[in-house]
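The values are calculated or read from the model by the stated rules, or taken from the named source; none is laboratory data. In this text the structure is predicted, and so the values were computed from the model without any measurement. Don't worry about glycine lacking a Cβ; one is built from the backbone with ideal geometry, like all the others, and counts go over all protein chains shown.
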Amino acid sequence: MKKLLIALCLVLYFGAGTAAAGDTAANAELRPALLLTASQSRDSQDLSGQWTYSKDLYRTGLNDINGWVAKSRMQRYRDIDIAAAEAKGGVEFFEFDLDRSAQMNIPGAWNAAAPTLRYYDGLVWFQRKFNARKEPGKRAFLRFEAVNYRAYVYLNGKEIGRHEGGFTPFVLEVTDALRAGDNRLTVGVDSTHDAQTIPTPITDWDLYGGITRPVRLITTPATFIDDATLSLGQDGRITGAVQLQGAQAAGQVVKVAIGDLATASATTDANGRAVFALAAPGKLQRWSPDSPTLYDVRFTTSGDAVRDRIGFRTIAVRGNEILLNGKPIFLRGISLHEEEFGSNPARNMTEQAARALLGEIKHGLNGNYVRLSHYPHSETTLRLADEMGLLVWSEIPVYWTVDWENPAVLHKALVMQAETVYRDRNRASVVMWSVGNETPVSPARTAFHGAMADNVRALDPTRLVSAALLVERHKVNGEDVTEIQDPLADKLDVLAVNTYAGWYGADTLAALPNLKWKLPTDRPLILSEFGADALAGYRNDSMKKFTEEYQAEYYRQTLAMAEQLPTLRGLSPWILKDFQSPRREHPVFQNGWNRKGLMSETGVRKQAFGVLADYYRSKAAR
């Protein structure tokens, strides 16, 4: 029965085939109701800053016992001045007051805000008061870049929407709920994960809770540009589309200008959609890591306009090569978690914080590529990757253990994937969508990932599809042979494997260069992860584990092994910097940190950093 449900789910989503984005019923069902693409160019009010908060571990602000409606004295979202109500006296009383509660800086995970919240996992209520104008003929929206994990959003005591998923944006219209003058925004954030969430509770990173990315109040005309995208195809033509929202969306002339190189226009159909196609201008400079050229692109209608910075490039595979702009490229990269440098990271990815991390990859390691693990990273990071010239692997957290046979969980994964694609389609840096990481092979799991691969091709056929697979070792003629034995490989453009021989297992470092591999010859391979822990500053010539010397030698020998793989076209070792993980509790070396970083959490480079930087410098010269 469970297998039948999976099959029915696949038919439901993919019976229409894999046509261009926007053409299938699956895409229409998964598309967010509102996108506000290029919202950074719109009139907006940044709601970052100090918010008050109130813990609600027993969820009494949402429900009373037996699932009844929460008692009024517990409803954190009420639009009421509690101090004034208390001053009047009477029989009513309250067990919360967000006006007088403790404060926290938003965006940022609550885990870093106070020692008592370090491992808090549950519901927290946040409040922000702000002043707004109501403009006749205008519409107002709240855009959350990310809330981890579930969000319950109220404005002036009225629920305006909910969202599930900790790393993707969502937009809620507040035109009718917004007041001229003072407004009270309340957000319930539930960080709890379970067997039906993406990801599940068991990971190897910190499941930070809170409003971790910016919140903005955005104003638009009554009919506005909701989505606008443009990209360069393999045929040398630039194509794209604009989607209008509003009563006057049909029959509108929409214009696009690519810097001062080219312009085009089209008329929206009955659904408010206009499609562009034009030959790439002769002077168009293609985006690449060596020359990350971005153009100011402007989309306009008679009553609205948005701007974006867009680069134009192609990405493809040919046999076992990866082609950027038609030329083979080797991906010199590393994996990265969304944690800023510092001993108490809050996942507040400001431009300064993101630039510090990406700068170490681009300029310190001589890299041209970053694997953004294991979830969609911030828009700030993606835009900086565009600007700095770093190719990006993007993935959603379908990781380790998932309820593979549950169609509702698959739907969550597909929605999260769609939200990521719709957010990042204009980012030239994004060249690869990953559909999973280190998941154990089973028929239900492979069907789940296969649906994700089909989904992302339908949403965006212009990029490559991969997944970080596990490898198997077995005896062949008395020798250990490492092989990819995963049926999901048939769905992928680029094969990628995680290997930790020399750290986990019995292999000595000296044995690594001579390990035998059996690999498909028809597709490119990336070593998506390899690594060894080292505590920065812990050095010992006896080559003990957790020493910088061991980690450095591990890299030397693993890179020597990599040189023997004829189809290898990229590396993203694990990982740029040490990151928080409750799994890692050795009291001397870890203390809640995964120490596989080439840098410490505060930015101190370990010996292995130089080993990889020298290898990439040599690789680039070759």
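Would you mind finding the one in 534, 511 that is out of contact with any Leu (no Cβ under 6 Å at 6 or more places or on another chain) and surrounded by fewer than 18 Cβ atoms within 10 Å (Cβ to Cβ)?
Details: 534 fails: surrounded by fewer than 18 Cβ atoms within 10 Å (Cβ to Cβ).
None of the others qualify; the one that does is 511.
Does residue 343 fit the bill of being more than 18 Å from the chain's Cα centre (by Cα), more than 27 Å from residue 41 (Cα to Cα), surrounded by fewer than 16 Cβ atoms within 10 Å (Cβ to Cβ) and hydroxyl-bearing (Ser, Thr, Tyr)?
Details: more than 18 Å from the chain's Cα centre (by Cα): yes; more than 27 Å from residue 41 (Cα to Cα): yes; surrounded by fewer than 16 Cβ atoms within 10 Å (Cβ to Cβ): yes; hydroxyl-bearing (Ser, Thr, Tyr): yes.
Yes, satisfied.
Residue 24: out of contact with any Cys (no Cβ under 7 Å at 6 or more places or on another chain) and modelled with pLDDT under 90, yes or no?
On the way: out of contact with any Cys (no Cβ under 7 Å at 6 or more places or on another chain): yes; modelled with pLDDT under 90: yes.
In short, yes.
Given the residues 505, 537, which is the only one that is modelled with pLDDT of 95 or more and at positive phi? Before you say what the answer is, go through the steps one by one.
Numbers: 505 fails: modelled with pLDDT of 95 or more.
Just a single option satisfies the conditions, and that option is 537.
Filter the range 54-87 for residues that are farther than 14 Å from residue 184 by Cβ and part of a strand (DSSP E or B); which is modelled with the lowest pLDDT?
Only one residue tops the list, namely 69.
Mind checking which residues of the range 75-90 are of a type in the set (Val, Ile, Thr) and free of Cβ contacts under 8 Å to residues at least 24 places away in the same chain?
Just the residues of the range 75-90 that are of a type in the set (Val, Ile, Thr), to begin with: 80, 82.
Matches in the range 75-90: 82 only.
Do we have residue 228 as outside any loop (DSSP other than H, G, I, E, B) and surrounded by 22 or more Cβ atoms within 10 Å (Cβ to Cβ) here?
Working: outside any loop (DSSP other than H, G, I, E, B): yes; surrounded by 22 or more Cβ atoms within 10 Å (Cβ to Cβ): yes.
Considered against the rule, which asks whether it is outside any loop (DSSP other than H, G, I, E, B) and surrounded by 22 or more Cβ atoms within 10 Å (Cβ to Cβ), residue 228 comes out as yes.
Among the residues of the range 147-158, are any hydroxyl-bearing (Ser, Thr, Tyr), part of a loop (DSSP other than H, G, I, E, B), touching a strand residue (DSSP E or B) at 6+ places or on another chain (Cβ under 8 Å) and under 22 Å from residue 122 (Cβ atoms)? Give the steps one after another, and end with the answer.
First, pick out the residues of the range 147-158 that are hydroxyl-bearing (Ser, Thr, Tyr): 149, 152, 154.
Next cut, part of a loop (DSSP other than H, G, I, E, B) only: 149.
Add one more test, that the residue is touching a strand residue (DSSP E or B) at 6+ places or on another chain (Cβ under 8 Å), and what stays is 149.
The next check asks that each one be under 22 Å from residue 122 (Cβ atoms); those that pass are 149.
Yes, because at least one residue in the range 147-158 is hydroxyl-bearing (Ser, Thr, Tyr), part of a loop (DSSP other than H, G, I, E, B), touching a strand residue (DSSP E or B) at 6+ places or on another chain (Cβ under 8 Å) and under 22 Å from residue 122 (Cβ atoms).
Taking into account only those residues within the range 579-622 that are loosely packed, with under 15 Cβ neighbours inside 10 Å and hydroxyl-bearing (Ser, Thr, Tyr), which is nearest to residue 561 (Cα to Cα)?
618
Within the range 88-104, is there a residue that is crowded, with 16+ Cβ neighbours inside 10 Å, closer than 22 Å to residue 344 by Cα, modelled with pLDDT of 95 or more and in the same structural domain as residue 158 (by TED's automatic domain parsing)?
Taking every residue of the range 88-104 in turn, at least one turns out to be crowded, with 16+ Cβ neighbours inside 10 Å, closer than 22 Å to residue 344 by Cα, modelled with pLDDT of 95 or more and in the same structural domain as residue 158 (by TED's automatic domain parsing).
Could you figure out which of (1) assigned to a loop (DSSP other than H, G, I, E, B); (2) without any contact (Cβ under 8 Å) to a residue 60 or more places away in the chain isn't true of residue 531?
Looking at each condition in turn, residue 531 falls short on (2).
Residue 569: under 22 Å from residue 492 (Cα atoms), touching an Asp or Glu at 6+ places or on another chain (Cβ under 7 Å), in the same structural domain as residue 469 (by TED's automatic domain parsing) and surrounded by fewer than 24 Cβ atoms within 10 Å (Cβ to Cβ), yes or no? Full working, then the answer.
Details: under 22 Å from residue 492 (Cα atoms): yes; touching an Asp or Glu at 6+ places or on another chain (Cβ under 7 Å): yes; in the same structural domain as residue 469 (by TED's automatic domain parsing): yes; surrounded by fewer than 24 Cβ atoms within 10 Å (Cβ to Cβ): yes.
Yes; evaluated as a whole, the condition is true for this residue.
How about the range 289-309: which of its residues are among the charged types (D, E, K, R) and buried (at least 17 other Cβ atoms within 10 Å of the Cβ)? Steps first, please.
Step one: list which residues in the range 289-309 are among the charged types (D, E, K, R), which gives 290, 296, 298, 304, 307-309.
Once the filter is applied, which keeps residues that are among the charged types (D, E, K, R) and buried (at least 17 other Cβ atoms within 10 Å of the Cβ), the range 289-309 yields 298, 304, 308, 309.
From 367, 333, 342, grab the single residue that is in a loop (DSSP other than H, G, I, E, B), in contact with a strand residue (DSSP E or B) (Cβ under 9 Å, 6 or more places away or on another chain) and not assigned by TED's automatic domain parsing to the domain that holds residue 206. Write out each step before concluding.
Numbers: 333 fails: in a loop (DSSP other than H, G, I, E, B); 342 fails: in contact with a strand residue (DSSP E or B) (Cβ under 9 Å, 6 or more places away or on another chain).
None of the other options fit; the residue is 367.
Residues are listed down the side, and each one gets a yes or a no for (1) within 25 Å of residue 396 (Cβ to Cβ); (2) over 26 Å from the mean Cα position of the chain (by Cα):
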position	(1), (2)
150	yes, no
160	no, no
167	yes, no
186	no, no
194	yes, no
222	no, yes
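Applying the selection to the range 349-408, what residues are among the hydroxyl-bearing types (Ser, Thr, Tyr) and under 18 Å from the mean Cα position of the chain (by Cα)?
Taking the range 349-408 and keeping what is among the hydroxyl-bearing types (Ser, Thr, Tyr), we get 350, 369, 373, 375, 378, 380-381, 394, 399, 401.
350, 369, 373, 375, 378, 380, 381, 394, 399, listed by residue number.
Could you list, in sequence order, the residues of the range 402-424 that are assigned to a helix (DSSP H, G or I), of a type in the set (D, E, K, R) and closer than 18 Å to residue 193 by Cα?
Pass one, the range 402-424, residues assigned to a helix (DSSP H, G or I): 407-424.
Adding the requirement that they be of a type in the set (D, E, K, R) leaves 412, 419, 423-424.
Matches in the range 402-424: 412 only.
What number goes with the only condition from (1) closer than 22 Å to residue 395 by Cβ; (2) without any contact (Cβ under 8 Å) to a residue 12 or more places away in the chain that residue 235 does not pass?
Residue 235 satisfies every listed condition except (1).
Going residue by residue through the range 512-519, is there one that turns out to be closer than 25 Å to residue 604 by Cβ and not in a helix (DSSP H, G or I)? Spell out the reasoning first.
Within the range 512-519, the subset closer than 25 Å to residue 604 by Cβ is none.
No - not one qualifying residue is present in the range 512-519.
Right, residue 158: at pLDDT 95 or above, over 25 Å from residue 197 (Cα atoms) and either surrounded by fewer than 23 Cβ atoms within 10 Å (Cβ to Cβ) or touching a helix residue (DSSP H, G or I) at 6+ places or on another chain (Cβ under 8 Å) (or both) or not?
In short, yes.
Within the range 133-168, can you find the residues that are in contact with a Lys or Arg (Cβ under 6 Å, 6 or more places away or on another chain) and within 24 Å of residue 97 (Cβ to Cβ)? Before you say what the answer is, go through the steps one by one.
At the first step, the residues of the range 133-168 found to be in contact with a Lys or Arg (Cβ under 6 Å, 6 or more places away or on another chain) are 143, 145-146, 152, 156-157, 164.
Correct list: 152, 156, 157.
Checking the conditions here, which among 143, 76, 128, 59 is under 34 Å from the mean Cα position of the chain (by Cα), closer than 30 Å to residue 397 by Cβ and surrounded by fewer than 17 Cβ atoms within 10 Å (Cβ to Cβ)? Quick ask: steps written out before the conclusion?
Numbers: 143 fails: surrounded by fewer than 17 Cβ atoms within 10 Å (Cβ to Cβ); 76 fails: surrounded by fewer than 17 Cβ atoms within 10 Å (Cβ to Cβ); 128 fails: surrounded by fewer than 17 Cβ atoms within 10 Å (Cβ to Cβ).
The conditions single out 59.
Just give me the residues in the range 458-483 being touching a Phe, Trp or Tyr at 6+ places or on another chain (Cβ under 9 Å) and of a type in the set (Val, Ile, Thr), in sequence order.
Result: 465, 471, 481, 482.
Of the residues that make up the range 598-605, is at least one at positive phi and modelled with pLDDT of 95 or more? Full working, then the answer.
As a first pass, look at the range 598-605 and keep what is at positive phi: 603.
Restricting the remaining residues to those that are modelled with pLDDT of 95 or more gives 603.
The answer is yes; a qualifying residue exists.
Being buried (at least 24 other Cβ atoms within 10 Å of the Cβ) and more than 18 Å from residue 145 (Cα to Cα) is the filter here; which residues of the range 369-389 pass it?
The answer is 369, 370, 371.
So which of 276, 330, 312 ends up being of a type in the set (A, V, I, L, M, F, W, C), crowded, with 17+ Cβ neighbours inside 10 Å and over 17 Å from residue 429 (Cα atoms)? Before the answer, list the steps.
Numbers: 330 fails: over 17 Å from residue 429 (Cα atoms); 312 fails: over 17 Å from residue 429 (Cα atoms).
After applying the criteria, what remains is 276.
Select from the range 249-291 the residues that are outside any strand (DSSP E or B) and among the basic types (Lys, Arg) and list them in ascending order.
283, 286
Please indicate, with yes or no, whether at least one residue in the range 210-217 is assigned to a loop (DSSP other than H, G, I, E, B), among the charged types (D, E, K, R) and buried (at least 22 other Cβ atoms within 10 Å of the Cβ). Walk me through how you get there before you give the answer.
Residues of the range 210-217 that are assigned to a loop (DSSP other than H, G, I, E, B), as a first pass: 211-214.
Still in the running and among the charged types (D, E, K, R): 213.
Next, only the ones that are buried (at least 22 other Cβ atoms within 10 Å of the Cβ) stay: 213.
Taking every residue of the range 210-217 in turn, at least one turns out to be assigned to a loop (DSSP other than H, G, I, E, B), among the charged types (D, E, K, R) and buried (at least 22 other Cβ atoms within 10 Å of the Cβ).
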